[in-house]
Amino acid sequence: MPFEYVPNYYDFPREFRGYGENPPDFKWPNNAKIVINFVLNYEEGAENSIENGDPASEMYIWEIPYVAHAGKRSYDCESDFEYGSRAGVWRILRLFKKHGYKFTTFAVGKAFELQPDVPAAIKREGHEIASHCYRWWDYSKLSPEEEKKVIIKNMESLKATTGEYPKGWYYARLSQHSRRLVYDVHQELGAPLLWMADAYADDLPYWMPVPRTTDAMLMVPYSYDCNDARFHQPTGWSSTDGFYKHIQYAFDTLYDEGCEGTPKIMTVALHARVVAKPGRFQALVKFMDYIKQKEGVWVATREEIAEHFKKVNPWEPPATPLAYGPDKP
């Protein structure tokens with residue numbers, strides 16, 4: 001007998017059509033043919049570790065992935081993450097300053113607390129700071145009540161280290177409750193929620209209606225494929241050139257489509273402990289040099305993308321709320 005799923009308060013319906021066969025032109029500033037958003041995931045020190053009270057060390061996105069030490073510290077894993085905060089982040093900041101580009105930071109609250117020089121420098125250089133929640137771990141096992149407390153904790157943490165609440169969110173390892181909980185917390189705190197990125201469904205931003213309301217959240221899709229994390233995945237790259245060619249080809253595809261009249265956005269996802277290692281860094285250097293040669297490239301933060309999108313394609317509230325799932329429990 002097939003399983004019958006009943007939507008709950010936290011659920012959002014799936015939507016398969018999107019923009020359809022002929023995507024619109026959202027008229028990026030200066031008639032840009034493509035928008036590039038660089039993302040720096042800053043997680044150092046907020047990963048799973050015994051020192052943080054977790055049952056085992058971190059398994060993901062470090063030089064020897066999928067190896068966790070249960071019940072004891074892993075100095076090799078810990079020090080690999082420390083590379084990001086000690087050396088990698090500064091190498092990335094220097095490169096972006098050289099080119100005059102701004103990136104979006106997916107900031108884990110605890111990581112910013114551990115190395116306050118990093119948020120200070122990121123803010124000083126004018127980069128965007130968004131929320132990557134308070135710890136870099138799997139939220140799927142938390143109850144809604146527990147997870148809501150963590151969301152609020154990170155809102156207050158980032159406000160303490162940066163001076164303001166985050167306007168954008170990306171979880172990665174989110175729960176089925178996360179989207180709605182983030183929306184609810186922002187509403188309760190009176191804090192603007194400009195965009196969310198836990199979506200991979202398009203090459204353009206899109207509105208996602210919030211069930212039981214006439215409101216919507218703006219999704220600015222993220223990327224798992226143009227992501228240096230794949231250096232540490234079996235299906236990823238074994239060479240710097242492999243990463244460079246992949247993001248170059250992705251750029252070329254989207255750039256050509258932009259030249260044909262349907263400009264898109266492209267995300268390039270970075271980690272300070274991954275691409276900023278000397279042997280991989282040249283991929284990022286080469287890619288920046290490559291896009292610098294092209295006309296009509298807009299390198300923008302997600303906040304800039306969202307602000308433009310809302311001006312040219314504002315949300316139009318429906319007459320009645322989207323009926324999906326029950327009211328708030």
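Readers should treat all values here as calculations from the given coordinates under stated rules, not as data from a laboratory. Predicted model, so just to flag it, every value in this text is computed and none were measured. When we count neighbours, we look across all protein chains shown, and the Cβ atoms used for this are built from the backbone with ideal geometry, even at glycine.
Being closer than 30 Å to Asn8 by Cβ and either among the aromatic types (Phe, Trp, Tyr) or surrounded by fewer than 12 Cβ atoms within 10 Å (Cβ to Cβ) (or both) is the filter here, so list the residues in segment 287-316 that pass it.
Phe309, Pro314, Trp315, Glu316 - these are the residues of segment 287-316 that are closer than 30 Å to Asn8 by Cβ and either among the aromatic types (Phe, Trp, Tyr) or surrounded by fewer than 12 Cβ atoms within 10 Å (Cβ to Cβ) (or both).
How many residues are of a type in the set (Phe, Trp, Tyr) and exposed (fewer than 10 other Cβ atoms within 10 Å of the Cβ) when one looks only at segment 1-44?
Here the count works out to 3.
Rundown of residues vs (1) of a type in the set (Val, Ile, Thr); (2) outside any helix (DSSP H, G or I), yes/no style:
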residue	(1), (2)
Gly20	no, yes
Glu58	no, yes
Val67	yes, yes
Lys97	no, no
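Out of segment 124-141, which residues are closer than 19 Å to Ser57 by Cα and either exposed (fewer than 14 other Cβ atoms within 10 Å of the Cβ) or among the small types (Gly, Ala, Ser) (or both)?
Ser140, Lys141 - these are the residues of segment 124-141 that are closer than 19 Å to Ser57 by Cα and either exposed (fewer than 14 other Cβ atoms within 10 Å of the Cβ) or among the small types (Gly, Ala, Ser) (or both).
Could you list all residues from segment 232-256 that are touching a helix residue (DSSP H, G or I) at 6+ places or on another chain (Cβ under 7 Å) and either within 30 Å of Trp315 (Cβ to Cβ) or in a helix (DSSP H, G or I) (or both)?
Within segment 232-256, Thr240, Phe243, Tyr244, Ile247, Gln248, Phe251 qualify.
Considering only segment 292-321, how many residues are part of a loop (DSSP other than H, G, I, E, B) and more than 20 Å from Phe103 (Cα to Cα)?
So the count comes out to 9.
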